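Student: Mind having a look at this structure? Questions to follow.
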Amino acid sequence: MLNITSIKKGLVIDHIRPGMGLKIFEYLKLGKADFTVALIMNASSNKMGKKDIIKIEDVIDVDYAMLGFLDANITVNVIEDEVITEKINLSLPKRVQDVIRCKNPRCITTVERDITHKFVLIDENKGIYKCEYCDHIYSWEV
């Protein structure tokens, strides 16, 4: 059995869909970190069967909306003195900016260069977003 020790102060990103842990690790640029980081992939989970976990032995700035967009089932545990002081349950954000790009060739965001790509969540159960400019639909697997 794999044993990863507890962390004194930092974050534990838990309940990540299997395979998404590496994407989140890369998104957070944890490969360049100068502090201890553990990426655990395909860990056993009673709730999910398998899950990924990221343990970060440092307090870092995290965009919870973006993490929720990548995987809405994530739980972020804030650790201080080896104790969970806060548990943050993520969900799909209502709006995302410059995270996904509109694929509609007629959308103003593909014609004009410096326009922020903005999407609004229209169906939380199916993870469907709509471009604010042209109403193009973007579907994300929930």
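The values are calculated or read from the model by the stated rules, or taken from the named source; none is laboratory data. All values reported here derive from a predicted model rather than from experimental measurement. Positions of Cβ are generated from backbone atoms using ideal geometry, with glycine treated the same way; all protein chains shown enter the neighbour counts.
Let's see how each residue does on (1) in contact (Cβ under 8 Å) with a residue 24 or more places away in the chain; (2) of a type in the set (Gly, Ala, Ser); (3) touching a strand residue (DSSP E or B) at 6+ places or on another chain (Cβ under 7 Å):
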site: GLY10; (1), (2), (3): yes, yes, yes
site: TYR27; (1), (2), (3): yes, no, no
site: ASP52; (1), (2), (3): yes, no, yes
site: TYR64; (1), (2), (3): yes, no, yes
site: ILE74; (1), (2), (3): yes, no, yes
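Student: For the subset of the stretch 38-95 comprising residues that are part of a loop (DSSP other than H, G, I, E, B) and among the acidic types (Asp, Glu), which member is surrounded by the fewest Cβ atoms within 10 Å (Cβ to Cβ)? Before the answer, list the steps.
Tutor: Applying the first criterion (part of a loop (DSSP other than H, G, I, E, B)) to the stretch 38-95 yields 46-48, 57-63, 71-74, 81-82, 90-94.
Still in the list and also among the acidic types (Asp, Glu): 57-58, 61, 63, 71, 81-82.
Details: GLU57: 18, ASP58: 15, ASP61: 5, ASP63: 13, ASP71: 22, ASP81: 7, GLU82: 10.
Selected residue: ASP61.
Student: Also, quick follow-up: Looking at THR116, THR110, which one is β-branched (Val, Ile, Thr), more than 16 Å from ASP71 (Cβ to Cβ) and surrounded by 14 or more Cβ atoms within 10 Å (Cβ to Cβ)?
Tutor: On the way: THR116 fails: surrounded by 14 or more Cβ atoms within 10 Å (Cβ to Cβ).
Result: THR110 is the single residue among THR116, THR110 that is β-branched (Val, Ile, Thr), more than 16 Å from ASP71 (Cβ to Cβ) and surrounded by 14 or more Cβ atoms within 10 Å (Cβ to Cβ).
Student: OK, next. Taking the condition of being at pLDDT below 90 and among the charged types (D, E, K, R), how many residues in the stretch 31-57 meet it?
Tutor: 1
Student: Taking PRO93 as the residue in question, decide whether it is modelled with pLDDT of 90 or more and either hydrophobic (A, V, I, L, M, F, W, C) or out of contact with any Gly (no Cβ under 9 Å at 6 or more places or on another chain) (or both). Before you say what the answer is, go through the steps one by one.
Tutor: On the way: modelled with pLDDT of 90 or more: yes; either hydrophobic (A, V, I, L, M, F, W, C) or out of contact with any Gly (no Cβ under 9 Å at 6 or more places or on another chain) (or both): no.
No; evaluated as a whole, the condition is false for this residue.
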